Amino acid sequence: MPKNVGLTKASKDKKDEFYTDYDVIQAELNYYEAQFESKTVLCNCDDPFESNFAKFFLRNFNYLKLKRLICTSYTGSSVIGTQLSLFDDYNDPVTNQHGYVLDISGVPMANGRGVSDQDIENLLHTMGTVKRLKGNGDYSSKECLNYLKQSDIVVSNPPLPYLATLMKYNKRFLIIGNLNSITYKEIFPLVMNNKIWLGASIHSGDREFRVPDDYPLKASRFRVDESGIKYIRVKGVRWFTNLDYKQRHEDLILFKQYRPEDYPKYSNYDAIRVHKTVEIPMDYPGLIAVPITFIDKYSPEQFEIVGEANHGSDGPWDLFKPVMNGKNEFKRLVIRNKKVRKIED
């Protein structure tokens, strides 16, 4: 699982795993419970013994009324590797050259009331529940794409290029990424055209990720717990999804009125500059350049995303380079208030 720029950089190194916290997953999934009933969920890069995505859906399989859960891992699991062929239908020795897959259609409950840790442990240690893949578990491999085709919703922390695969196969998804990636040429058109949007639970701050034992702790914020497990905190984490939820259709409450002296225009483009999302004027009908954090408050009924002010994304939606008072600004989104435009028309 990738990290901050990881969700870009770490995607280039599949050994650079970042494990998403269980509570972070729980907080987001709370908004979509009804949409998972009778669905097949794929966690496409999640070791069933180590991933909290796998743990979450195993624990909540019956509560969510899932039809099926598939978890594939990249290369051999260190946990499985210690269990010889107990989790394998093959007679060949277990190696680290193969990925593994958990593919289930039910989670038995010993007490009949809820799935316990012991229930999960028993299930994972049942012969044949976790099987070895023919390949290394790469999401672009033929066998992993076959699992993708069989799924309804993908929930994971995958490498950035996987988003194109999800769109190609018209899949519903809930994945973790970095906020800055919304201005990438592969992603921005999808955001602009309301094919993907941000999730419901994370709008600011950073989040903690567990990292492998051999990961160098170079991040500005990290910790090592009493068991020696390493964690780092990553800024700009967001959920990306095409699962709808009520809150994204709520209007942003605007308080300020437009005054030319408060909102300078760019010399190279007919748009006003807004320093903070909260300062968007309630009565301006023209184009507005806002920070990319605006996307956290974006309602498609209230605003139209017209393009971006970037520094060379090579797309027709990159409208101009944001320069104010002779200084280059950080990339921005260009929006229009749809409701004001209707009044003006």
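The values are calculated or read from the model by the stated rules, or taken from the named source; none is laboratory data. Since the model is a prediction, treat every value here as computed from it, not as a measurement. Methodologically, a virtual Cβ is constructed for each residue, glycine included, from the backbone with ideal geometry; neighbour enumeration extends over all protein chains shown. Heads up: the accessible areas ignore ligands, DNA and RNA and are worked out on the full protein's heavy atoms, side chains in. Shrake-Rupley method; radii C 1.70, N 1.55, O 1.52, S 1.80 Å.
When you look at I70, is it touching a helix residue (DSSP H, G or I) at 6+ places or on another chain (Cβ under 6 Å), part of a helix (DSSP H, G or I) and either at pLDDT 90 or above or open to solvent by 50 Å² or more (accessible area, probe 1.4 Å) (or both), yes or no? Criteria not met by I70. Scanning region 267-275 for any residue that is of a type in the set (F, W, Y) and more than 28 Å from W239 (Cβ to Cβ) turns up at least one such residue. Taking the criterion of being open to solvent by 10 Å² or more (accessible area, probe 1.4 Å), farther than 18 Å from L319 by Cβ and either in contact with a strand residue (DSSP E or B) (Cβ under 6 Å, 6 or more places away or on another chain) or aliphatic (A, V, I, L, M) (or both), the only residue of region 280-295 that qualifies is M282.
Scanning region 19-48 for residues that are more than 26 Å from Y100 (Cα to Cα), in a loop (DSSP other than H, G, I, E, B) and out of contact with any strand residue (DSSP E or B) (no Cβ under 8 Å at 6 or more places or on another chain) turns up N30, Y31.
Within region 225-279, being open to solvent by 70 Å² or more (accessible area, probe 1.4 Å) and under 26 Å from the mean Cα position of the chain (by Cα) holds for R233, K235, K246, Q247, E250, K276, V278.
Checked against the criteria, N170 counts as free of Cβ contacts under 8 Å to residues at least 60 places away in the same chain and farther than 15 Å from C144 by Cα.
Here the condition is being in a helix (DSSP H, G or I), closer than 19 Å to I70 by Cβ and open to solvent by less than 70 Å² (accessible area, probe 1.4 Å); of L123, L102, L190, L174, it holds for L123 alone. In region 48-67, the qualifying residues are those that are closer than 20 Å to L145 by Cα and touching a Leu at 6+ places or on another chain (Cβ under 7 Å), and the one that is modelled with the lowest pLDDT is P48. For V306, the test of being open to solvent by less than 30 Å² (accessible area, probe 1.4 Å), under 22 Å from L252 (Cα atoms), assigned to a strand (DSSP E or B) and modelled with pLDDT of 95 or more is failed. Restricting attention to region 126-156, the residues that are within 18 Å of L58 (Cβ to Cβ) and part of a strand (DSSP E or B) add up to 6.
Evaluate the following for I335: is it surrounded by 15 or more Cβ atoms within 10 Å (Cβ to Cβ), among the aliphatic types (A, V, I, L, M) and assigned to a strand (DSSP E or B)? It is true that I335 is surrounded by 15 or more Cβ atoms within 10 Å (Cβ to Cβ), among the aliphatic types (A, V, I, L, M) and assigned to a strand (DSSP E or B). In region 178-234, the qualifying residues are those that are farther than 19 Å from S51 by Cβ and aromatic (F, W, Y), and the one that is modelled with the highest pLDDT is W197.
Would region 39-47 turn up any residue that is at pLDDT below 95 and open to solvent by 10 Å² or more (accessible area, probe 1.4 Å)? Within region 39-47, one or more residues are at pLDDT below 95 and open to solvent by 10 Å² or more (accessible area, probe 1.4 Å). Take the conditions closer than 21 Å to I187 by Cβ, surrounded by fewer than 18 Cβ atoms within 10 Å (Cβ to Cβ) and at pLDDT below 90 and apply them to P316. Does it pass? In short, yes.
When the criteria are applied in full, S141 meets the requirement of being of a type in the set (S, T, N, Q), modelled with pLDDT of 90 or more and within 26 Å of the chain's Cα centre (by Cα).
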